[in-house]
Each structure stands twice: as C-alpha cells, then as structure tokens.
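The values are calculated or read from the model by the stated rules, or taken from the named source; none is laboratory data. Keep in mind that this is a model prediction, so the values were computed, not measured. Virtual Cβ from ideal backbone geometry, glycine too; neighbours counted across all protein chains shown. Accessible surface is based on the protein model in full, side chains and every heavy atom, while ligands, DNA and RNA are left aside. Shrake-Rupley method; radii C 1.70, N 1.55, O 1.52, S 1.80 Å.
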Amino acid sequence: GLGLTVLALIVTGWALSKTRLGLALKGIGSNPVAAYLHGLKPNRYMLLAMVLAGGCAGLAGTFQVTGVYHRLLPSISSNYGYLALLVVMLSNYRLGWTPVIAFFFACLNVGSIQLPMMLQLDSSLVGIIQGALVLATLLLAGWRQKKQREETGMAGSG
C-alpha cells in the first residue's frame, strides 16, 4: 500500500509538471474563464480530475479494507476525506508538502488514542488542533493577499 501511494504521488507530480493534462488542469484551476477562452473545456477536465482523484480514494479504501480491518465496515472511512481536504489546504496545493502534512496528521490521529489514557485529555483535542492549524493557515493566506493588494494599490497610485 505504501509503495503504491508513493508511486501515485510520483506519477501525479510528473503528470502535473510534464504533461499537457497537468498544464490544462493548472490553467483551469487558476482561472476557468480564461482557460475556456483559450479553447479548454473546464467541465471535462474537472470531471477527469474528479475521476482520477476518486480512483486514488478508492485505492486508499481498498488498502483500508484489505490491510487494516480485513472486512468491510459501515463507517470505515473515519472522515478521511475531510482530513484529505485539510491536508490539501495546508499544503497550498504543493505536492511536495502533502506527504509531510499527511504524516503529521496521521501522527496526531494515532496519538489521539493515547491522550485519554496517558494525559487524561479528551481525544477530540486532536480535531481542535487540526482545525486551528487550518484556520491559522487560511487567516495567514488572507492577510498575505490583503497586504499584497495594498502594496499593489500603493505602487499603482505613485
């Protein structure tokens, strides 16, 4: 499972940086209207991106069923999809940071099991830490954008 995950990350990085598909996806992600005006069909590429991401999620689910639980359970996902969104938001869509942040979140999740036993803390503290990280990142990104707009506005007026 880990080998296929690393292979999927490598193939994704290669595809995004070296192929026409990667260029189209980056262009559509940056500005769908401009991409459409340049002859790309954003809806098709978004659908293709969703199919590929769904395939990776299905592969992860397969590993979860066959490697961890050895049977199919009703609520097996443990909200990993939402956790994946947090990882992507924190990595700011940079592929290199994604495994590092995912590993950090995995450590937090595994450590949350020990919190009630070792420190007499509620295990939901990990969710608060993860949420605080994402909120802090979003606030910092917003502050940077505001500062950049102010600098651009001042340079244009002088």
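Contact map, the range 131-146: residues that are closer than 18 Å to residue 97 by Cα and without any contact (Cβ under 8 Å) to a residue 12 or more places away in the chain paired with residues that are open to solvent by 60 Å² or more (accessible area, probe 1.4 Å) and in a helix (DSSP H, G or I), Cβ distance under 9 Å, separation 6+ or inter-chain. No pairs are found. For the range 65-106, taking the residues that are open to solvent by 60 Å² or more (accessible area, probe 1.4 Å) and among the β-branched types (Val, Ile, Thr), the one that is nearest to residue 144 (Cα to Cα) is identified as 100.
Inspect the range 55-64 for any residue being farther than 20 Å from residue 99 by Cβ and open to solvent by 60 Å² or more (accessible area, probe 1.4 Å) and give the result as yes or no.
Filtering the range 55-64 for residues farther than 20 Å from residue 99 by Cβ gives none.
No, because not a single residue in the range 55-64 is farther than 20 Å from residue 99 by Cβ and open to solvent by 60 Å² or more (accessible area, probe 1.4 Å).
Restricting to the range 114-128, give me the number of residues that are more than 19 Å from residue 86 (Cβ to Cβ) and either open to solvent by 80 Å² or more (accessible area, probe 1.4 Å) or in contact with a strand residue (DSSP E or B) (Cβ under 9 Å, 6 or more places away or on another chain) (or both). So the answer is 6.
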